[in-house]
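First the structure, in the form of structure tokens, and then the observations on it.
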Ligand SMILES: [Zn+2]
Ligand SMILES: [Zn+2]
């Protein structure tokens, strides 16, 4: 079978290897689709830890079920979550499950960009293999993981009723965040985004206003108008760039919250007026990744018509064209969400 892997010099390469087999407690899944995440692009740029594993948003059909697996059968349509917490350590017991030391060491074999991949017995036992409702097509299913990340973040910051929310960076996950905030009762949702294509996608999803941050005073004017000059309740840095984080700290109201949501580059530093953060009582809350309860919840929201996601997919390319798919995903002016597809995509 074919596998898309991190190759030398920041390239994604297709490798030939044997199909994984389902051992006791495990399942294997034939790929339908797997989204390209911003963190996959960062791995290519060398900015993010990686064991060469790419692709963590896969959906597909169960190819084989190992002995002792209950409730899953060959042919089932499923989403598979790549990381699972241990649910037993001190970090997990405090509820910070995505920061569990075990969490980021668990992985799909060999990753989501493969004709067939294997979910371990831990994945299966801890509910990381989620059967998809009939109402969830492959495109929507491939957005469950990033939508789950946005929901986990909103739970960590604690979205207040009728809150005003600013999302800085309306890439696929920023767009999902904005839509979720709206669905969960935000009174105003605004955003900033360099790409015109992505600003237009934001407007389709019921965002109130999206501006180009390069336009002088556009952000300040939008926020001042929406909040009577107070600043937003929640500013989401959906890009980890220090300038974006700084803009978030400046757009938030006194006592408001900045959500550090996009992955910052390794070694980058907080660039903010610390006295202002202190005197204005701004909370900075990081949020990383997601777990099964939030993924199940966004699954239910999509089924119930409370969250639209599938229209954010701008491109789907077969695994054989993964290099081109990555080139497209790295171009915000040309794409929103790009999926890599496998044999199960057609059926
Ligand atoms: Zn992701
Ligand atoms: Zn743990």
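Values computed for the structure shown
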read-out	value
Length added when fully stretched, residue 270-residue 161, from 0.36 nm per residue minus Cα-Cα	36.3 nm
Global form of the chain, assessed from the alpha-carbon gyration tensor, a/c cut-off 1.5	prolate
0 to 90° range, to nearest 10: angle between helix 242-251 axis and the chain longest Cα axis	50
Residue 321-residue 67 pseudo-label distance in nm [points 7 Å out on the Cα-to-Cβ vector]	4.4
Mean residue ellipticity (222 nm) of the chain, computed from DSSP H runs ≥ 4 via -39,500 (n - 2.57), nearest 500	-8000 deg cm²/dmol
Cβ-based exposure ranking for 278, 103, in which fewest neighbours within 10 Å come first	278, 103
Between 0 and 90°, nearest 10: helix 172-183 axis offset from the chain longest Cα axis	70
FRET efficiency, residue 121 to residue 288 (Cβ-Cβ, R0 25 Å, nearest 0.05)	0.50
Region 12-106 shape via C-alpha gyration tensor axes, a/c threshold 1.5	oblate
Nearest-ten-degree value, helix 292-303 long axis tilted from longest Cα axis of the chain	80
Chain lengthening between residue 104 and residue 296 when straightened (0.36 nm per residue, less Cα-Cα)	67.2 nm
Modelled FRET efficiency - R0 30 Å, residue 203 with residue 278, Cβ distances, 0.05 increments	0.25
Theoretical gain in end-to-end length, residue 11 to residue 212 [0.36 nm per residue, Cα-Cα removed]	69.3 nm
FRET efficiency, residue 96 to residue 225 (Cβ-Cβ, R0 35 Å, nearest 0.05)	0.40
The chain: antiparallel DSSP beta bridges as a percent of all, rounded to 5	50
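No lab work stands behind these numbers, since they all come straight from the coordinates. All values derive from a computational prediction rather than experimental measurement. Counting neighbours? That spans all protein chains shown, and the Cβs are built from the backbone with ideal geometry, glycine included.
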